[in-house]
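Structure record follows, encoded as structure tokens.
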Amino acid sequence: MPPDTAVNDPSARHDGWRTLRRFLPYLWPRDKPALRWRICVATVLILLAKATTLVLPFFYKRAVDAMSIKGSAAFVVAFAFILAYALGRFAGVAFDNLRNIVFERVGQEATRALAEDVFARLHQLSMRFHLARRTGEVTKVIERGTKSIDTMLYFLLFNIAPTAIELIAVAVIFYTHFGWGLVAATAVAVVTYGLVTRWITEWRSHLRERMNRLDNQAMARAVDSLLNYETVKYFGAEPREEARYGQATRAYADAAVQSENSLGLLNIAQALIVNLLMAGAMGYTVWGWSRGQLTVGDLVFVNTYLTQLFRPLDMLGMVYRTIRQGLIDMASMFKLMDTEVEVKDRPGAPALVIRRPMLAFDDVVFGYEPDRTILHGLSFEVPAGSQVAVVGPSGAGKSTIARLIFRFYDPWRGRILIDGQDIREVTQASLRAAIGIVPQDSVLFNDTIGYNIAYGRDGATMADVEAAARGAALMPLIERLPKRFDTEVGERGLKLSGGEKQRVAIARTLVKNPPILLLDEATSALDTRTEQDILATLHRVSTGRTSLSIAHRLSTVADADRIFVLNEGKLGESGTHAELLRLDGLYAEMWTRQAAEREELSEAAE
């Protein structure tokens, strides 16, 4: 059965602790002691900053109490405590910012390492996954997952942990100075605050997940439409595309409004709890002052501690939402990383060793879906150094052959052999290094012509690029361009014509210099004149290599050493062009039909 290709299931619940445990190795890398030292230093700075913050209300209280006494000595004491208070506030800010400076490298390295692992995993996933995925949705999952890391780390390490320390310390201080009453009231308020925040935030999370799902949908529709720009233009479908995108963005906007409105409700509930506690605690202090049990400084003392305590608690809703959403985003990214790799190297698999580049299919059975078989026991052989073609009507399984040779899929039954070695028993990297391909649609990177040619082999020199360009008859174009090899080709190579893109693809394959060459409908998308030019180039570069041409136009492969004719996933006929015409079977029928079509086109052109 095909593996699950979903990249994000917003309705799925995440296991927060499991997600955090999985992320910890990125935060505490065993092979980078310098980063672990940074975490230790940041922890010390957190404790210093919190200790400074806890001392400040004492300074404030003593200064206020000293001011209630007349005399120069009282002035000196009050001034000293005010100065200590100011220095303490500065020290707290300094410790916090030094902590951020020290920890920033840790957060960025963790984000970078995870993003690189996800990117590498995407390239390991099977062709089936990439045919089913939506590019915009995948990029959104990665973007949100990596962006959430730095924010989550900040709140977990620099907000939640210090606030917990401060809660314990304030409870001890309140008990020492005021007894259990104020401690109990503060505890009830904090617990109530936390429960209300969690309840409302859980509700908001459902709204947020729906908003993300609609955001993904809007992005996927936008990317899909822009990637098919030419098709939209061909059919005058701009209004349709705008309507589809507008529908998605309106749905997202409605969900975003509901999410933001729920935030207002949460803020009101939090403010009510905080201010009730503040009023009760300060009222209790005033009552104690009226009875001579507490001083004016105690009022400032309590007010300062509660203000300091609830400053981070005021952010608890946002912190909880951010951490929870971060866990959801990270869980989605880890789910992407957990997507099953359909085609894997066998443990300890050797590299492919080619002495004679012979290719063979041995009773291969395959289909993309369990209930639809494409190839039915296909067997054929491409001798070393020969030029062989595979032809057949649409749907016969021609392009499937190319995907199986590159091992994008594994056959259900049978073997594919290169120089007598089953390609499932060797590494995929060595297999693909031995095969070059010129596809029907040569998609180029949005970079220079030189970069796209050099992409054929890592480490290719400029001399290699120029030699390949000459071999692909690309130099006349290069010499006409002001920037020569530094000319940008545009996204997917759209600045070049079809023939020019094919020549770049041929040059890229020449740089690779593989012993086996696969031509997958390499000229079917070109006009007749360009096709003949490209065919001449392909014949020249195929010399001395084992080449397999997969073709629809029979005229492009008529001079092949041998032609295999596929019919409904089976080998129907085989032989040279002349032999197949004498058979007067499927090949002859296809040849006659295509010849008539060429004649009609020629007459129409006249």
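So how much slack lies between MET315 and HIS539, counting 0.36 nm per residue of separation and subtracting their Cα-Cα distance, in nm?
Here the segment from MET315 to HIS539 would lengthen by 73.7 nm.
Site pair ARG36 and SER290 shows an inter-label distance of 6.0 nm when each label is modelled 7 Å from Cα along Cα→Cβ. For ALA463 and SER379, a Förster radius of 41 Å and the Cβ-Cβ distance give a FRET efficiency of 0.45, rounded to the nearest 0.05. Within the chain, the whole DSSP H helices whose Cα atoms reach 24 Å or more along their own axis and whose mean Kyte-Doolittle score is at least 0.0 are 33-67, 72-124, 161-178, 180-227, 238-290, 296-314, 316-337. If you plug the beta carbon distance of VAL196 and THR307 into 1/(1 + (r/R0)^6) with R0 = 22 Å, you get a FRET efficiency near 0.60. Amide hydrogen proximity for LEU518: with H placed 1.01 Å from N in the peptide plane, the residues at 5 or more positions away or on another chain lying under 5 Å are GLY436, ILE437, VAL438, LEU548.
Of the Cα atoms belonging to the chain, the radius of gyration and Dmax stand at 35.3, 124 Å. Ellipticity at 222 nm from helices only: DSSP H runs of n ≥ 4 in the chain, each -39500 (n - 2.57), divided by the residue count, give -22000 deg cm²/dmol. Surface exposure of the chain, expressed per residue as accessible area with a 1.4 Å probe, stands at 51 Å². Please work out the C-alpha center-to-center distance from region 61-80 to region 407-449 and express it in whole Å. Centre-to-centre (Cα) distance: 84 Å. For region 171-297, the alpha carbon positions stretch 88, 21, 21 Å along the principal axes, listed from largest to smallest. Backbone N atoms of region 188-211 closer than 17 Å to the 7 Å Cα→Cβ label point of LEU276 belong to residues 188-200.
Close amide-amide hydrogen proximity is noted between GLU340 and ASP4, each under 5 Å apart and 5 or more residues distant or on a separate chain (H modeled in the peptide plane; Pro and chain starts excluded). Applying 1/(1 + (r/R0)^6) with R0 = 25 Å to the Cβ-Cβ distance of MET337 and ARG21 gives a FRET efficiency near 0.95. Placing +1 on the Cβ of every Lys and Arg and -1 on the Cβ of every Asp and Glu, with nothing else charged, gives the chain a dipole about its Cα centre of roughly 2760 debye. Start at zero, step by 5 Å, and the Cα-Cα distances of region 237-357 spread as 2, 7, 9, 9, 9, 9, 8, 8, 6, 6, 7, 5, 4, 3, 3, 2, 1, 1, 1, 0, 0 percent across the bins.
In percent, what relative contact order does the chain have, based on Cα pairs under 8 Å that are 6 or more apart in sequence?
That works out to 14 percent.
Along the axis of the charge dipole computed for the chain (Cβ charges of +1 for Lys and Arg, -1 for Asp and Glu, origin at the Cα centre), the listed residues THR139, LEU431, ALA171 are led at the positive end by ALA171. Inter-label distance, LEU87 to GLU369: 7.8 nm, where each label sits 7 Å from its Cα along the C-beta direction.
The values are calculated or read from the model by the stated rules, or taken from the named source; none is laboratory data. None of these values were measured; they are calculated from a predicted model. Please note: Cβ atoms are built from the backbone with ideal geometry, for glycine as well, and neighbour counts cover all protein chains shown. Ligands, DNA and RNA are excluded from the accessible area calculation, which covers all protein heavy atoms including side chains. Shrake-Rupley method; radii C 1.70, N 1.55, O 1.52, S 1.80 Å.
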